[in-house]
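Just below is one structure, and these are the notes that go with it.
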Amino acid sequence: LVDIRLSQQDVGDLRGIPYMVGGNTFFAPPLWYPIDPSYRSKQSEFLKKSGHEYIPWQTHKHGIIFLDELNRATREVLQCSFELTLDHRLGGVPIPEGWLVIAAVNHDSRVYEINKLDPAHINRFLVVDFAPTTKEWLDYAEHRTALGQMHPSVLAYLSANPSRLD
């Protein structure tokens, strides 16, 4: 799982840093970016010609790129993410077939400072409204507490004060 908060990103954080080979501009993918195996040797060759070494960090065949706070990103980052969501590539560099792109947004503009998304961008996603009930969240918290992944005082407090759950 690659978790990216788009509200805190710049275009270079997604697309990578530009470099030139033979008068052409290419982009060195960021550390988090999964590279399709068929493109790795090409990426390595291009970077070597520009005097750089390429060491792929994200080499899993399957995974999820989670674009959190999609509608809180700047316009430029949104445009960059459009290529990732539509074409499963950034700067012409494809992601492996086994990778999914998932995004989350904040709906309520009265509570959150959000940007209106282009309908063409929204149409690239299956939209699911997610609003768990207090009981569902407490069941989840009980499970996490039993596994030692949540402090028992969090569960105790919210069980006693369910209206505080937001």
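Per residue, the solvent-accessible area of segment 67-138 (1.4 Å probe, heavy atoms of protein chains only, all protein chains present) comes to 64 Å². Among Ser159, Ile65, Ile35, whose Cα sits farthest toward the positive end of the charge dipole of the chain (+1 at Cβ of Lys/Arg, -1 at Cβ of Asp/Glu, about the Cα centre)? Result: Ile35, furthest along the dipole toward the positive end. Estimated at 0.36 nm per residue, the fully extended path between Asn115 and Lys135 surpasses their Cα-Cα distance by 4.1 nm.
Checking every one of the trypsin sites (Lys or Arg not before Pro) in segment 68-166 against DSSP loop status and a limit of 16 other Cβ atoms within 10 Å picks out Arg110, Lys116, Arg124.
Ranking of Leu90, Leu147 by solvent-accessible surface, largest first: Leu147, Leu90 (1.4 Å probe, protein heavy atoms only, all chains present). Put simply, the convex hull of the Cα atoms in segment 116-166 casts, on average, a shadow of 5.3 nm².
Residue by residue, segment 9-20 carries 3J(HN,Hα) couplings of 10, 10, 4, x, 5, 8, 6, x, 8, x, 8, 10 Hz when phi is fed to the Karplus relation 6.51 cos²θ - 1.76 cosθ + 1.60 (θ = phi - 60°); x denotes Gly or Pro.
Considering only the other residues whose Cβ falls under 11 Å of the Cβ of Glu97, what net charge follows from Lys and Arg at +1 and Asp and Glu at -1?
Residues close to Glu97 contribute a combined charge of 0.
Amide H contacts for Gly63 (H built 1.01 Å from N in the peptide plane; partners 5 or more residues away or on another chain; cut-off under 5 Å): Trp99, Leu100. Rounded to the nearest 10 degrees, the angle from helix 134-146 to the longest Cα principal axis of the chain is 70 degrees.
Derived value for the chain: Kirkwood hydrodynamic radius 18.5 Å. Basis is the mean of 1/r over every pair of different alpha-carbon atoms. For the chain, with a Gaussian network of springs between Cα atoms less than 10 Å apart, report the residue from Ile102, Ile122, Ile65 with the top mean-square fluctuation. Highest fluctuation of the listed residues: Ile122. Helix 37-49 and the long axis of the chain differ in direction by around 50°, with both axes built from C-alpha atoms.
Mean-square fluctuations from a GNM of the chain, with a 10 angstrom spring cutoff on Cα atoms, peak among Leu155, Leu70, Leu126 at Leu155.
For segment 86-166, run through the GluC sites (Glu not before Pro) and keep only the ones in DSSP coil with at most 15 other Cβ atoms within 10 Å of their Cβ. Those satisfying the criteria are Glu97, Glu113. At 1.4 Å probe size, with the rest of the protein present, what percent of the exposed accessible area of the chain is carbon and sulfur atoms? For the chain, the apolar C and S fraction of the accessible surface comes to 53 percent. A 1.4 Å probe run over the protein chains yields, for segment 1-56, 60 Å² of accessible area per residue, whole-number rounding. For the options Asp139, Asp13, Asp129, a Gaussian network treatment of the chain with springs between C-alpha atoms closer than 10 Å singles out Asp139 as fluctuating the most. Cross-link partners of Lys135 among aspartates and glutamates, defined as those whose alpha carbon lies under 19 angstrom from its own and excluding same-chain residues fewer than eight positions apart: Asp166.
The values are calculated or read from the model by the stated rules, or taken from the named source; none is laboratory data. Predicted model only: the values in this text are computed from it and were never measured. Note that we place each Cβ from the backbone using ideal geometry, even for glycine, and neighbour counts take in every protein chain shown. Each accessible area value is taken on the protein alone, full model and side chains, heavy atoms only, with ligands, DNA and RNA left out. Shrake-Rupley method; radii C 1.70, N 1.55, O 1.52, S 1.80 Å.
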